[in-house]
Amino acid sequence: MCIFCKILNKEIPSTQVYEDDLFVVIMDIFPISRGHMLIVPKEHCENIFDLPEHIAKNIYPLAKKLSICVSKALGTDGINILQNNGEIAGQEVFHFHLHIIPRYKDEDIQISKPTRLKLEASEIEEIAQKIKNVI
Ligand code: 5GP
Ligand code: ZN
């Protein structure tokens with residue numbers, strides 16, 4: 001059983017801030033910032049590739065609600081919403097979850113400073129065409 005399923009089963013303790021039929025929201029044990037939360041579906045799925053539609057549909061309304069709440073509660077200046085899929089993308093826990101990461105002007109943390117590819121416009125067009133072909 002995965003670590004988040006164990007948390008959901010109360011075999012491992014966690015600090016929970018919210019629960020409904022589909023989700024629990026817990027505080028991240030190694031927070032990137034004050035108020036870093038994880039929205040965890042109760043149903044086990046690994047990542048975006050096997051995410052059930054009803055979970056996909058309902059997770060962003062909850063992310064919005066939590067963002068507003070954490071802003072009010074902690075006076076955040078911004079929020080990053082992050083979700084990793086696959087080892088190469090930084091996923092460490094293979095039970096789908098959405099990170100809500102509050103940001104504060106006085107806090108110097110780095111979570112997203114991507115390098116950029118130098119692609120020609122034609123190459124971007126070509127890539128887009130490949131994607132469009134399978135939609
Ligand atoms: P990922 O890299 O898979 O997107 O993120 C996994 C997150 O789960 C990390 O931010 C990590 O700190 C958090 N995490 C890992 N183990 C535990 C745990 O046992 N309890 C809680 N609350 N968070 C955990
Ligand atoms: Zn699980």
*Answer yes if at least one residue in the stretch 95-107 is loosely packed, with under 12 Cβ neighbours inside 10 Å and in contact with a strand residue (DSSP E or B) (Cβ under 9 Å, 6 or more places away or on another chain), and no otherwise.*
yes
_Please go through the stretch 68-103 and give me each residue that is touching a helix residue (DSSP H, G or I) at 6+ places or on another chain (Cβ under 7 Å), within 10 Å of G35 (Cβ to Cβ) and within 12 Å of ligand 1 (Cβ to nearest atom), ordered by number._
I100
*asked:* Quick check on this structure: which one of G86, G75 is at pLDDT 95 or above, farther than 23 Å from I48 by Cα and out of contact with any Lys or Arg (no Cβ under 6 Å at 6 or more places or on another chain)?
replied: G75
_Qualifying positions in the stretch 7-31 - near ligand 1 (Cβ under 10 Å from one of its atoms) and either touching a His at 6+ places or on another chain (Cβ under 6 Å) or more than 13 Å from I100 (Cβ to Cβ) (or both)_ = I7, I12, P13, S14, T15, Q16, D28, I29, F30
*Considering each residue of the stretch 1-15, count those that are surrounded by fewer than 15 Cβ atoms within 10 Å (Cβ to Cβ) and touching a helix residue (DSSP H, G or I) at 6+ places or on another chain (Cβ under 9 Å), and give that number.*
3
_Odd one out for I111 among (1) without any contact (Cβ under 8 Å) to a residue 40 or more places away in the chain; (2) touching a Leu at 6+ places or on another chain (Cβ under 9 Å)_ = (1)
*asked:* For the list (1) under 17 Å from the mean Cα position of the chain (by Cα); (2) more than 23 Å from I7 (Cα to Cα); (3) in contact (Cβ under 8 Å) with a residue 12 or more places away in the chain, I need the number of the one condition that I88 fails.
replied: (3)
*Between residues in the stretch 1-20 that are of a type in the set (D, E, K, R) and residues that are within 13 Å of ligand 2 (Cβ to nearest atom), which pairs lie under 6 Å by C-beta distance while being six or more apart or on different chains?*
K6/I12
*Among the numbered criteria (1) away from ligand 1 (no atom under 16 Å from the Cβ); (2) assigned to a loop (DSSP other than H, G, I, E, B), which single criterion is violated by Q129?*
(2)
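Could you list all residues from the stretch 35-67 that are more than 10 Å from ligand 1 (Cβ to nearest atom) and either touching an Asp or Glu at 6+ places or on another chain (Cβ under 8 Å) or modelled with pLDDT under 95 (or both)?
Start the filter on the stretch 35-67 by keeping residues that are more than 10 Å from ligand 1 (Cβ to nearest atom), which leaves 35, 39, 41-46, 48-67.
Scanning the stretch 35-67 gives K42, P52, I55, L62.
The values are calculated or read from the model by the stated rules, or taken from the named source; none is laboratory data. What you are looking at is a predicted structure, and each value in this text was computed from that prediction instead of being measured. With ideal geometry, Cβ positions are generated from the backbone for all residues, glycine too; neighbour counts draw on all protein chains shown.
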